[in-house]
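The structure under discussion appears below in the form of structure tokens.
The values are calculated or read from the model by the stated rules, or taken from the named source; none is laboratory data. This structure is a prediction, so every number in the text was calculated from the model and none was measured. No Cβ is skipped: glycine too gets one built from the backbone with ideal geometry, and neighbour counts run over all protein chains shown. SASA here: full protein model, heavy atoms, side chains in, ligands and nucleic acids out. Shrake-Rupley method; radii C 1.70, N 1.55, O 1.52, S 1.80 Å.
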Amino acid sequence: GDTATAMQWHHRLFPLCRDMLGLSTNPIPVKAAMRLLGRECGEVRLPLTALSDAQMSALRTTLARYGLL
């Protein structure tokens, strides 16, 4: 019921979600981020493929911008 706080969190986290999920189809960037953060989550299954080197670099930048790396 705390709409104001919910909106603050939404505005704070939306760019993170947009930047991560804009890299590739979900769950590819989410799994890659979890691995970068030291969480084992398994590989993506076909027909999905891993992120490219450029996408991984962008993901690292995004996570670093949020203080996660």
Neighbours by Cβ (under 7 Å, 6+ apart or cross-chain): first from the stretch 1-13, closer than 18 Å to L68 by Cβ and in contact (Cβ under 8 Å) with a residue 60 or more places away in the chain; second of a type in the set (K, R) and open to solvent by 90 Å² or more (accessible area, probe 1.4 Å):
none
If you go through the stretch 24-60 one residue at a time, how many are basic (K, R), open to solvent by 50 Å² or more (accessible area, probe 1.4 Å) and at pLDDT 95 or above?
3
